[in-house]
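Enquirer: So that we are looking at the same thing, I have put the structure below in structure tokens.
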Amino acid sequence: MGKLSGKVALITGASKGIGEGIACVYAREGADLILCARSESTKTLCEELMHAYGIRAQFVRCDVSRMEDCREAVRLGMEQFGRIDVLVSNAGVCRLGSFLDASEEDRDHHIDVNIKGTWNIAQAVLPVMVEAHSGRIVIMSSVTGYMVADPGEAAYALSKAALIGLTKALAREFAKDGICVNAICPGYVDTPMAQSIAVQSNAEDPASVTQGIAAATPLGRLATPEEVGELAAFLGSEEARYITGTQVVIDGGSTLPETISVGS
Ligand code: NAP
């Protein structure tokens, strides 16, 4: 029996990257899945996971910045499975850009997907969990904004730090309903987003950016999406029943160094 056997999980941003990694670990741990994203390719992932792990999985096309899409995802998920035990709000975007050159569209894109997207899907799912008097919400924040930032990350950092506040407020408001809400704060994870950031930082030599990140990380590499999935599975499981309103960093120690010179 997996640690999520008998559970139904709705995961946003499941088409690739961390969301795909979370979906794989959740399926391995026995959860039935409602996988939300905009890309139709997510259907193939559903089929692969059903075949590999004998679970049930349904793709729902959902742009999380649209409240009506989020409500429809929950409606379809409930129609198919009759319950939603875990929400993983993972969908997110990141575009680098200097603060002085940033357009309103750049800023609002991060706010719409990263902040409003999590707000929307949580507001759509929570009535189901309140009714069940049980539930787990896992929100994908970042070390960026909450702990650290690099040049060009103002909009992204703003949006990811906001999710820590939302995590705490929801944890406080829904504790009485038996619902635990926690955030995950990854450092760099090897995904299409991280590759895109490398290209945006140095289009001529993106590999040097990724190598630089790995070299600056005490564990010497980026995380895999599945490693973040393992943490998300723990936070979605019964084992995490007394954890709420907190944020868990998974960064290979990248935020650890106090200096780059002492003791080295
Ligand atoms: P990614 O490879 O770019 O994947 C992003 C996912 O979000 C895709 O599944 C994408 O699916 C979905 N998405 C984007 N816009 C969406 C929208 N409007 N509605 C619904 N889904 C949408 O990114 P990732 O690296 O896996 O990142 C996943 C999450 O982890 C993000 O919240 C990110 O901020 C966070 N994070 C990532 C890192 C990292 O180093 N990679 C570090 C810290 C935190 P579709 O395009 O199919 O919709």
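Enquirer: Around Ile137, which amide H atoms from residues at least 5 apart in sequence, or from another chain, sit under 5 Å from its own amide H, with H modelled in the peptide plane?
Expert: It is Leu87, Cys180, Val181, Asn182, by chain and number.
Enquirer: When the Kirkwood hydrodynamic radius is evaluated over all pairs of different C-alpha atoms of the range 154-264, what value in angstrom, to one decimal, is obtained?
Expert: By the Kirkwood definition, the hydrodynamic radius is 16.0 Å.
Enquirer: Any idea how many Lys pairs in the chain come in under 30 angstrom at the alpha carbon, given 8 or more places apart or on separate chains?
Expert: 23
Enquirer: Give me the extension gain from Ser208 to Val130: residue separation times 0.36 nm, minus the current Cα-Cα distance, reported in nm with one decimal.
Expert: Full extension from Ser208 to Val130 adds 23.3 nm.
Enquirer: For the chain, what is the mean residue ellipticity at 222 nm derived from helices alone (per DSSP H run of n ≥ 4: -39500 (n - 2.57); sum divided by total residues; nearest 500 deg cm²/dmol)?
Expert: Using -39500 (n - 2.57) per qualifying helix, the result is -14000 deg cm²/dmol.
Enquirer: Still on this structure, please answer the following. For the chain, count the residues as N, evaluate 2.2 N^0.38 Å, and divide the Cα radius of gyration by that value, please.
Expert: 0.98
Enquirer: Sticking with this one: Using only Cα atoms, figure out Rg for the range 162-208 and give it as a multiple of 2.2 N^0.38 Å. Show your work: numbers first, answer last.
Expert: Numbers: Rg = 17.3 Å, N = 47, 2.2 N^0.38 = 9.5 Å.
Relative to the rule-of-thumb radius for its length, the range 162-208 sits at 1.82.
Enquirer: Would you mind calculating the relative contact order of the chain from Cα pairs under 8 angstrom and at least 6 residues apart, reporting the percent as a whole number?
Expert: 21 percent
Enquirer: If I take R0 = 41 Å and measure r between the Cβ atoms of Ser196 and Arg241 in this structure, what FRET efficiency does the formula 1/(1 + (r/R0)^6) give, to the nearest 0.05? It would help to have the intermediate numbers written out before the result.
Expert: Values: r = 37 Å, r/R0 = 0.89.
E(calc), rounded to 0.05, equals 0.65.
Enquirer: About its Cα centre, how strong a charge dipole does the range 40-87 have in debye, to the nearest 20, once Lys and Arg get +1 and Asp and Glu get -1 at the Cβ?
Expert: The calculation lands at about 120 debye.
Enquirer: Could you compute the FRET efficiency for Ile260 and Glu79, with r as their C-beta to C-beta distance and R0 at 45 Å, rounded to 0.05?
Expert: Details: r = 54 Å, r/R0 = 1.20.
Calculated transfer efficiency: 0.25.
Enquirer: If I build a Gaussian network model for the chain, linking alpha-carbon pairs within less than 10 angstrom, which residue out of His133, His51, His109 has the largest mean-square fluctuation?
Expert: Sorting by GNM fluctuation, first place goes to His51.
Enquirer: Give, in nm to one decimal, the length gained when the segment between Glu105 and Ala175 is fully stretched (0.36 nm per residue of separation minus the Cα-Cα distance).
Expert: Values: separation 70, 0.36 × 70 = 25.20 nm, distance 3.58 nm.
Length gained, Glu105 through Ala175: 21.6 nm.
Enquirer: Compute a Gaussian network model of the chain, connecting alpha carbons closer than 10 Å, and tell me which residue from Gly13, Gly82, Gly117 fluctuates the most.
Expert: Gly82
Enquirer: Pull out a ≥ b ≥ c, the square roots of the eigenvalues of the alpha-carbon gyration tensor of the range 105-166, then state rounded if a/c is under 1.5, prolate if not and a/b is larger than b/c, and oblate in the remaining case. Intermediate results must be reported in sequence, preceding the final value.
Expert: Details: a/c = 4.68, a/b = 2.02, b/c = 2.32.
Here the range 105-166 falls in the oblate category.
Enquirer: Let me ask something else. Rounded to a whole number of µm²/s, how large is the Stokes-Einstein D of the range 1-47 at 10 °C and 1.306 mPa s, given Rh as the Kirkwood radius over C-alpha pairs?
Expert: 152 µm²/s
Enquirer: Same structure, new question: Run the dipole for the range 1-157 about the Cα centre, Lys and Arg Cβ at +1, Asp and Glu Cβ at -1, nothing else charged, and hand back the magnitude in debye, nearest 20.
Expert: Dipole magnitude for the range 1-157 comes out near 600 debye.
Enquirer: Taking the solvent-accessible surface of protein heavy atoms with a 1.4 Å probe, what is the per residue accessible area of the range 100-160 in Å²?
Expert: That works out to 46 Å² per residue.
The values are calculated or read from the model by the stated rules, or taken from the named source; none is laboratory data. Remember, predicted model here, so these are calculated numbers, not experimental data. Quick reminder, even Gly has a Cβ in these numbers, built from the backbone with ideal geometry, and neighbours come from all protein chains shown. Accessible surface areas use protein heavy atoms only, side chains included; no ligands, DNA or RNA. Shrake-Rupley method; radii C 1.70, N 1.55, O 1.52, S 1.80 Å.
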